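What follows is a set of notes on a single structure, which appears directly below.
No lab work stands behind these numbers, since they all come straight from the coordinates. Just so it is clear, the model here is predicted, and its values are computed rather than measured. Virtual Cβ from ideal backbone geometry, glycine too; neighbours counted across all protein chains shown.
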Amino acid sequence: MKILDMRGRPCPIPAVNAKKALAEHDAAGVAVLVDNMAAVQNLEKMAKGTGCGFSYTRDGASGYKVTIVKGTGAQGFDGPEAVPNTAGGAAAENAGRGPVVLITSDSMGRGAEELGRLLVKGFIFSLSQLNPPPEAVIFLNGGARLTADGANTVPDLKILEGKGAGIYTCGTCADYYKLTESLAVGSIADMMAITSRLAKASGIITI
């Protein structure tokens, strides 16, 4: 089994390289060495999305060894990387879907920071009242704090999730702010999955 040392490599590089290694004709599987839980979660999503088996173990004090084996997992992962798209069918695919919302900060607008936090809380509440709801809400950079334990935005985000909106937090951002273990709603997504989701969106709102 091929071993990939992806320690120190930012997402989506570990998942992309693992997928390439699995595509090799004689590859039964691949072992990937990474140094953060966000990378482990991204590799798990990639494995499930391609019908592969997935497992991981600790490898040293701060490392992980992820093992992905071809043909031993279930298809049907419905996260960002598995959104279907066909040429000429974008209009039909997007019919009746809300926009993708990209939130890049835990504050909204410029000026008083405290006011900005109140505004972003109100904005997310308002999103939960939309019909149809947003297709997805994606959190980048400081926005990752809004999906963590203790954030006053979590209850409204859970309502959104219950209505079918995807809630995704950038894995690199969650790892940078040390929020991976305290994620309270939604799931981690790598940059490739985020880019794919944005590229297929019926519309994009960015704050």
Next on the checklist: List the residues, sorted by chain then number, that are 5 or more residues from residue 104 or on another chain and whose placed amide H is less than 5 Å from its amide H.
Outcome noted: 140, 207
Checklist outcome for this item: With the dipole of the stretch 2-69 defined by +1 on each Lys or Arg Cβ and -1 on each Asp or Glu Cβ, the option from 10, 32, 52 whose Cα lies farthest towards the positive pole is 10
Item to check | By average C-beta atoms within 10 angstrom, highest first, the peptides 27-33, 176-182 | outcome: 27-33, 176-182
Checklist entry - Put +1 on the Cβ of every Lys and Arg and -1 on every Asp and Glu Cβ in the stretch 88-206; which of 150, 193, 136 then has its Cα farthest towards the positive end of the dipole? => result 136
Checklist entry - What Rg and what Dmax come out for the chain when only alpha-carbon atoms are used, in angstroms? => result 17.9, 58
Checklist entry - At each listed q (0.13 Å⁻¹), what is the log10 of I(q)/I(0) that the Debye formula gives for the stretch 2-69 modelled as equal alpha-carbon point scatterers? => result -0.28
Next on the checklist: With +1 assigned to the C-beta of every Lys and Arg and -1 to the C-beta of every Asp and Glu, and no other charges, what is the dipole magnitude of the chain about the Cα centre in debye, to the nearest 20?
Outcome noted: 160
Next on the checklist: Going by amide H atoms built from the backbone, whose H comes under 5 Å of the H on residue 29, apart from near neighbours?
Outcome noted: 2, 70
Checklist entry - Say the cut-off is 29 Å between C-alpha atoms; which of 2/48; 20/163; 48/200 go over it? => result 20/163
Next on the checklist: What are the ³J(HN,Hα) couplings of the stretch 35-49, residue after residue, when phi is run through the Karplus curve with 6.51, -1.76, 1.60 and θ = phi - 60°? Round to Hz, x for glycine and proline.
Outcome noted: 10, 7, 5, 4, 5, 4, 5, 5, 5, 4, 5, 4, 4, 5, x
Checklist outcome for this item: Per the helix-only model, the chain has a calculated mean residue ellipticity at 222 nm (DSSP H runs of ≥4, -39500 (n - 2.57) each, divided over all residues, rounded to the nearest 500) of -9500 deg cm²/dmol
Checklist entry - Using alpha carbon centroids, what distance separates the stretch 125-204 and the stretch 3-59, in Å? => result 23
Item to check | Backbone HN-Hα couplings from phi across the stretch 154-171 [Karplus 6.51/-1.76/1.60, Hz, Gly and Pro as x] | outcome: 4, x, 5, 5, 5, 4, 4, 4, x, 8, x, 6, x, 10, 10, 10, 4, x
Checklist outcome for this item: Once phi for every residue in the stretch 143-151 is put through the Karplus expression 6.51 cos²θ - 1.76 cosθ + 1.60 (θ = phi - 60°), the whole-Hz ³J(HN,Hα) values, with Gly and Pro written as x, are x, 4, 5, 6, 9, 8, 3, x, 6
Item to check | Cut-off under 5 Å, modelled amide H: who pairs with residue 169 long-range | outcome: 139, 187, 188, 189
